[in-house]
Amino acid sequence: MIPVEDLAVRVESDVNGGLTAIEAEKRLHRDGRNRLTPPRQTPEWVKFVRHLTGGFSLLLWAGSILSFIAYVIDTSLLDNLYLGVVLAVVVFLTGIFSYYQENKSDRIMEGFAKLVPVKAAVRRDGQNVQVDAEELVVGDIVLMRAGDKVPADVRILEASNFKVDNSSLTGESEPQSRIPGMTDENPLETKNLAFYSTLVVDGTATAIVLNTGDRTVIGRIKQLTEVTGNEHTPLHREIASFTK
């Protein structure tokens with residue numbers, strides 16, 4: 001919302017010459033690399049075992065074991081053997097299905113890694129250079145064109161028919177134009193901001209970096225998915241209640 005001149009003062013940057021390499025190195029050390037923190041990983045075998053040993057599954061395993069014990073005591077009663085096998089198979093297949101469902105959810109988190117841009121065109125010491133996107137810092141002046149991924153949360157300084165695909169953030173299927181002027185007080189609606197990992201579909205633009213890494217909008221969304229990832233859905237709670 002503030003004038004570009006005031007923004008440049010706030011982030012201590014030069015909109016014409018960009019940051020110096022020394023200043024960029026200092027900020028990189030201070031703020032960390034421009035990347036999303038990977039989620040903590042649980043070994044796959046641990047996940048699978050958890051699904052095989054849930055509350056109701058333990059009850060079925062106990063029933064299966066008792067059925068096998070009863071068959072050993074009296075081998076003439078084949079029903080005990082059949083029952084033990086059926087219970088074991090049911091628990092195993094149910095565990096496989098539950099593990100598969102959880103694995104699909106985990107793939108959403110892994111998908112964030114594919115959204116991250118690799119290289120970025122940036123103005124350093126008055127020169128346009130290519131750097132790793134992870135090395136961008138707040139105050140950097142970046143240059144974007146069609147086919148690029150927006151390398152950080154940025155504010156547009158100059159634009160020529162510049163459009164981005166915001167579908168991963170807002171669900172809008174149509175390309176959204178971006179211009180230097182503010183059009184809305186809502187950051188996700190205004191046209192003078194572009195966001196980390198969104199795709200540039202047309203035009204060119206020069207912008208100043210406002211946020212990097214986990215502080216970007218997509219980084220905050222990733223953190224929310226991690227926080228809510230272990231919460232049970234209403235359907236899961238209903239099934240658990242019915243099981244009890």
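Do you know which residues across region 44-77 are within 14 Å of PHE92 (Cβ to Cβ) and of a type in the set (Phe, Trp, Tyr)?
PHE48, PHE56, TRP61
Considering region 97-123 alone, what residues qualify as being part of a loop (DSSP other than H, G, I, E, B) and modelled with pLDDT of 70 or more? Lay out the reasoning, then the answer.
Filtering region 97-123 for residues part of a loop (DSSP other than H, G, I, E, B) gives 116-118.
The answer is VAL118, and nothing else.
Hey, can you tell me all the residues within region 38-95 that are among the β-branched types (Val, Ile, Thr) and touching a residue at least 24 places away in the same chain (Cβ under 8 Å)?
VAL90, VAL91, THR94
Any idea how many residues of region 60-103 are of a type outside the set (Ser, Thr, Tyr), open to solvent by 50 Å² or more (accessible area, probe 1.4 Å) and within 39 Å of the chain's Cα centre (by Cα)?
9
State which residue pairs qualify: first residue assigned to a helix (DSSP H, G or I) and inside region 196-217, second residue basic (Lys, Arg) and open to solvent by 30 Å² or more (accessible area, probe 1.4 Å) in any location, beta carbons under 6 Å apart, and separation of 6 or more residues or different chains.
GLY213/ARG35
Name the one entry in ARG50, ARG35 that is under 30 Å from MET182 (Cβ atoms) and either open to solvent by 100 Å² or more (accessible area, probe 1.4 Å) or not hydroxyl-bearing (Ser, Thr, Tyr) (or both).
Just a single option satisfies the conditions, and that option is ARG35.
Taking region 154-169, which residues are of a type outside the set (Phe, Trp, Tyr) and open to solvent by less than 10 Å² (accessible area, probe 1.4 Å)?
Scanning region 154-169 gives VAL154, ILE156, VAL164, ASN166.
Test ASP148 against the criterion of being of a type in the set (Asp, Glu), free of Cβ contacts under 8 Å to residues at least 60 places away in the same chain and open to solvent by less than 60 Å² (accessible area, probe 1.4 Å), and give yes or no.
Yes.
Under 30 Å from LEU210 (Cα atoms) and either surrounded by 12 or more Cβ atoms within 10 Å (Cβ to Cβ) or touching a residue at least 60 places away in the same chain (Cβ under 8 Å) (or both), is that true of GLU5?
Considered against the rule, which asks whether it is under 30 Å from LEU210 (Cα atoms) and either surrounded by 12 or more Cβ atoms within 10 Å (Cβ to Cβ) or touching a residue at least 60 places away in the same chain (Cβ under 8 Å) (or both), GLU5 comes out as no.
Just for helices (runs of 4 or more DSSP H) wholly inside region 12-74: which have at least 3 residues that are modelled with pLDDT of 90 or more?
Because the criterion is at least 3 residues that are modelled with pLDDT of 90 or more, the helices (runs of 4 or more DSSP H) in region 12-74 that meet it are 21-31, 55-73.
If I ask for residues that are among the small types (Gly, Ala, Ser) and either within 30 Å of LEU193 (Cα to Cα) or modelled with pLDDT of 80 or more (or both), which ones from region 208-244 would you list? If you could, list the steps in order and put the result at the bottom.
Initially, region 208-244 is screened for residues among the small types (Gly, Ala, Ser), giving 213, 219, 229, 240-241.
Answer for region 208-244, where residues must be among the small types (Gly, Ala, Ser) and either within 30 Å of LEU193 (Cα to Cα) or modelled with pLDDT of 80 or more (or both): GLY213, GLY219, GLY229, SER241.
Please state which one of GLU172, GLU189, GLU238, GLU185 is part of a loop (DSSP other than H, G, I, E, B), open to solvent by 60 Å² or more (accessible area, probe 1.4 Å) and without any contact (Cβ under 8 Å) to a residue 40 or more places away in the chain. Give the derivation first.
Details: GLU172 fails: open to solvent by 60 Å² or more (accessible area, probe 1.4 Å); GLU238 fails: part of a loop (DSSP other than H, G, I, E, B); GLU185 fails: without any contact (Cβ under 8 Å) to a residue 40 or more places away in the chain.
So the residue among GLU172, GLU189, GLU238, GLU185 that is part of a loop (DSSP other than H, G, I, E, B), open to solvent by 60 Å² or more (accessible area, probe 1.4 Å) and without any contact (Cβ under 8 Å) to a residue 40 or more places away in the chain is GLU189.
Can we say GLU158 is among the charged types (D, E, K, R), over 18 Å from LEU28 (Cβ atoms) and either in a strand (DSSP E or B) or touching a residue at least 40 places away in the same chain (Cβ under 8 Å) (or both)?
yes
Quick one: would you say SER197 is of a type outside the set (D, E, K, R) and more than 21 Å from ARG33 (Cα to Cα)? Outline the logic, then answer.
Values: of a type outside the set (D, E, K, R): yes; more than 21 Å from ARG33 (Cα to Cα): no.
When the stated conditions are applied, SER197 does not pass them.
The values are calculated or read from the model by the stated rules, or taken from the named source; none is laboratory data. What you are looking at is a predicted structure, and each value in this text was computed from that prediction instead of being measured. Neighbour counts run over all protein chains shown; Cβ positions are idealised from the backbone, glycine included. Heads up: the accessible areas ignore ligands, DNA and RNA and are worked out on the full protein's heavy atoms, side chains in. Shrake-Rupley method; radii C 1.70, N 1.55, O 1.52, S 1.80 Å.
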